[in-house]
Amino acid sequence: MTLKARITAIDRFIKGLKEDNLYNDINAACVIAGWDSLAGALTPLKGSAPTNSGFLDADLDRGIGMKGNGSSKYLDSNRNNNADGQDDAHRAVWVSNPATSTASGPATYPVYVGTGAFNGSDNVGRLQSNSNNFFHRSRSLTQTFTPGAASVTGLLGTNRNSSSGYTLRISGVDNAVPVASQTPLSASLNVYKATGDNITYSNATIAFYSIGSATDLALLDARVSTLMADLRAIEEAGFDRDAIAYIRAVEAADGAYLETSVKIAVNNLVSGLKADGLWDAIGSSCLLSGPRTLAGALVPLRGDAPTAYGGWASGDYDRSTGMKGNGFSLYLDSNRAGNADAQDDRHWAIYSTLAMTDGDCAFGLASPGTFNNEQYRAGTQNFLWCSSPNGSGTNAAIFTNSGAAGFHGASRSDATGFTARSAGATGEATVASATPPEETYFVFARNLVGTGQNLASATRLAFYSIGSSIDLAKLDTHISDYVTAIGAAL
């Protein structure tokens, strides 16, 4: 992100605020995203600089802002709660990754901007148990909103220009809250924290905050949204367009923005696959590590999205190491048919981050009685490939100890044999091809045609790919680099 580009984006933002008559309403604000250090992030756009309590450079992601820890870190805005009129005030934040209810402290109600006692608080957002309650110089809990602060990205703000009520802007919608105002407490407003008889912290990632007099939240939303889009475009300058499309789809599924380091890992993977002529050979694939949520992990890098079976839950997914099967009910239907690729021009690959036990089948499709098989099983029966259709199929036990964590895959480019790669080694098998079944491949299990999934695996996978023949060693290098980069990023 070049300094000139940043200056241009900020200049456009300030000019837009002035054109919309918003600039004078802002009395304390920081654009936190877009900078390489805390010194830049905490330089005020207007007003006094905030006082940092606990944040380090490592907490800042230049693409999406700064993440709280939900227990101790916060900013003192150095703007007094009563510096703006009782019925003439706004508070707003731009949320890149929402707060969760896992914050610690006397009360687990994450707060974005706040101060004061619980009764008489002045907060942009307080997540209370399973409800989302918002206060603005009021003591009433009479209205909640769905979705609330726990699931919102973008601008979240409150604005009061009347003693009889205030406006809450959430998810791009202004909501009228008919709650009378109270005399504001004299105390400094904090970001990521509220004080008083319920000290609460936020673990959200915030890219911008603003405190000041009453303003038009819809117009402010539009201007901040444009700034964040500009900063993201600068951050992603030079990214591959397919990488950006995948990143946007994952962020939509996650309901939050990806970290810059994760986006770079995705872009490096896609760009590398294309540079080595591998991209077009991938017909169906998922990066099962990297996205924030299980839903994001099931967004396809290429091809159709898989269908998850068996009751996958958030606890079955780890961003660094991938999705973990349970050995009996959890599996994915790739929705990629066995005959989607030519009989003698095909590949599949997986990347495991957990060693498999003998007999585990982490990927496959099998047609009983015909031995038209494509599957990977740990142990002595490593790779089975579409073999002769007369029932005399051959199990290609190419490797020993092939259940080790790492890359496993097979590629066929002719009718006489195929290449396999497992845990860094490549081998060849002379096994004639046969007409592949039309059923779909399963991941974490094999699709036994006419029977359903069996031989389910309890391994953990970070990637799978299905498509036409491919250079397995090169694919291994790119996927291994990606998994390593994600581990380092998170």
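Each row is one residue, and each column tells you yes or no for (1) at pLDDT 95 or above; (2) aliphatic (A, V, I, L, M).
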position: K15; (1), (2): yes, no
position: K18; (1), (2): yes, no
position: A28; (1), (2): yes, yes
position: V31; (1), (2): yes, yes
position: D36; (1), (2): no, no
position: A41; (1), (2): yes, yes
position: K46; (1), (2): yes, no
position: G68; (1), (2): no, no
position: Y74; (1), (2): no, no
Notebook entry, point to check: Do we find a residue being of a type in the set (G, A, S), more than 26 Å from A237 (Cβ to Cβ) and not in a helix (DSSP H, G or I) anywhere in region 30-44?
Noted result: no
Check: Taking region 282-295 only, how many residues are crowded, with 22+ Cβ neighbours inside 10 Å and not in a strand (DSSP E or B)?
Finding: 4
Notebook entry, point to check: Across region 67-93, what is the number of residues that are over 18 Å from S202 (Cα atoms) and either in contact with a Cys (Cβ under 9 Å, 6 or more places away or on another chain) or hydrophobic (A, V, I, L, M, F, W, C) (or both)?
Noted result: 2
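The values are calculated or read from the model by the stated rules, or taken from the named source; none is laboratory data. Note that the structure is predicted; figures quoted are calculated from it, not measured. A quick note on method: Cβ atoms are made from the backbone with ideal geometry, for glycine too, and the neighbour counts reach across all protein chains shown.
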